[in-house]
Every structure is written in structure tokens, then in C-alpha cells.
Amino acid sequence: MRQFVFLTGDTENSILIPERMVVCVMIKRILILIILGSLLNIATFSYPKEVSFTQEDRDRLIRLEVKVEQLEKHIDQIDRRIERLENVMMWGFGLLFTTIIGLVGFVIWDRRTALAPASLHSPPIAEVLKHVGLL
């Protein structure tokens, strides 16, 4: 005699299935869970292991340190060159501004000396120049 199992808890609206089918479905689910669990377990073993520091890594670091020291020396040389250029530019700008101020002073002095003889010979011109502020 075959045994049947209710698919739902309600006896009026449920479907009867053979008990053997229910056992097969449960076994399939258990097998799927076992397979998935073992795959996940294998995945954890596939992570790479930490590799220790090798002689090649040490040599590479030494070469890198030597190159960094060379770059630092080169940067120091460039800094010294830039400082020299800054000094030259400051002297150049100082000389330029001094020359400009000297030229303006010379123009003002020359204008007054050029107008002084004209004001001596003609008194009305001297009064106009004084009024304008040139004498």
C-alpha cells in the first residue's frame, strides 16, 4: 500500500503526493546544500597565501633607494639654480627701477634748468611758470 502525504496542512484543499516523492525532493535539497557548501569551502582555500620577503625584493628596494637619493641630489641642484636665478632677477629689477627713478629725476632737473634762463629774460613767463608750479 502506498502512503500519501498532504502537501499543505489543510486537509480539504490539499494535494496528496506519494511519500516517496517527498523523500526524493528532500534528498535533492540536501545534496544541493552539500555541494554548495563544499564549493564555498573550496573557494576559501583558493585565496593566495602570503609570500615572504625574498632576496629579489630586497635588491629591488636597494636599487629604488639609490635612485631616490640620486633624484634628491638632482632636485637640490635645481633648487640652487633657481635661487641663483632669483638673485639675478632681483638685482636686475633693482637696477631697472633705479635707472627709471634716475631718469625721471634727470628729466625734472633738466626741465627746471631749461626753464630758468627763460624766466630770467621775461618776467611774465616767470609769473606764469610760478603760477603753474614749474618754478
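Suppose the filter is closer than 30 Å to Gly133 by Cα and at pLDDT 95 or above; does Thr113 pass it?
No; evaluated as a whole, the condition is false for this residue.
Just to verify a result, which residue in segment 54-89, among those that are among the polar types (S, T, N, Q) and open to solvent by less than 100 Å² (accessible area, probe 1.4 Å), is nearest to the chain's Cα centre (by Cα)?
Gln77
The values are calculated or read from the model by the stated rules, or taken from the named source; none is laboratory data. Worth saying up front: this structure is predicted, and the values here are computed from it rather than measured. Areas reflect the complete protein model, heavy atoms only, side chains present, ligands, DNA and RNA absent. Shrake-Rupley method; radii C 1.70, N 1.55, O 1.52, S 1.80 Å.
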